[in-house]
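A short worksheet on the structure shown next.
The values are calculated or read from the model by the stated rules, or taken from the named source; none is laboratory data. Because the structure is predicted, anything quoted here is derived from the model rather than measured. Note that we place each Cβ from the backbone using ideal geometry, even for glycine, and neighbour counts take in every protein chain shown. Just so you know, the surface numbers come from the protein's heavy atoms only, side chains and all, with ligands and any DNA or RNA stripped out. Shrake-Rupley method; radii C 1.70, N 1.55, O 1.52, S 1.80 Å.
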Amino acid sequence: MTTSLGWQKRRPPHGAPSRGAARRDTQPPLFAALDLGTNNCRLMIAARSETGFRVVDSLNRSVRLGEGLQESGRLSDVAMERTLDVLHDCVARIRRRNPGRVRAVATEA
């Protein structure tokens with residue numbers, strides 16, 4: 001099987017469950033929420049529990065994306081680079097946990 005980018009997808013041996021299916025059978029599904037704000041980036045990955053949700057991974061980093069925005073009217077290259085570094089960390093965490101659903105919210109900046 002080939003993806004839209006031309007990469008080959010590996011299939012499990014005939015009759016073997018896929019890695020994702022095995023995790024879903026033994027663990028509750030995970031949900032991820034990402035909030036990118038003017039000053040902070042927050043990520044929470046959680047599993048549903050009997051009393052609500054149980055956090056399995058989280059991140060809260062200062063990105064200062066809006067730094068200098070008031071004066072210049074634009075996002076600075078340094079602020080965007082800082083933010084992208086944190087977002088790459090978020091992507092790695094999301095891929096590692098493989099949640100069933102992801103929601104992302106960003107501010108005006």
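Summary table below
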quantity	calculated
Check on Ala92, at pLDDT 95 or above and over 18 Å from Ala106 (Cα atoms)	yes
Qualifying residue in segment 80-90 (condition: open to solvent by 100 Å² or more (accessible area, probe 1.4 Å) and without any contact (Cβ under 8 Å) to a residue 12 or more places away in the chain)	yes
Contacts under 6 angstrom Cβ, first residue in segment 27-43 being farther than 12 Å from Val102 by Cβ, partner polar (S, T, N, Q) and at pLDDT 95 or above, 6 or more apart	Asn40/Ser62; Arg42/Asn60
Close pairs from segment 98-109: first at pLDDT 90 or above, partner among the β-branched types (Val, Ile, Thr), Cβ under 6 Å, at least 6 apart	Pro99/Ile45
Selected residue (criterion: surrounded by the fewest Cβ atoms within 10 Å (Cβ to Cβ)) from residues of segment 31-75 that are at pLDDT below 95 and among the hydroxyl-bearing types (Ser, Thr, Tyr)	Thr51
Qualifying residue in segment 9-30 (condition: modelled with pLDDT of 90 or more, part of a strand (DSSP E or B) and touching a Gly at 6+ places or on another chain (Cβ under 7 Å))	yes
Exclusive hit being part of a loop (DSSP other than H, G, I, E, B) and at negative phi, set Arg74, Arg48, Arg61	Arg74
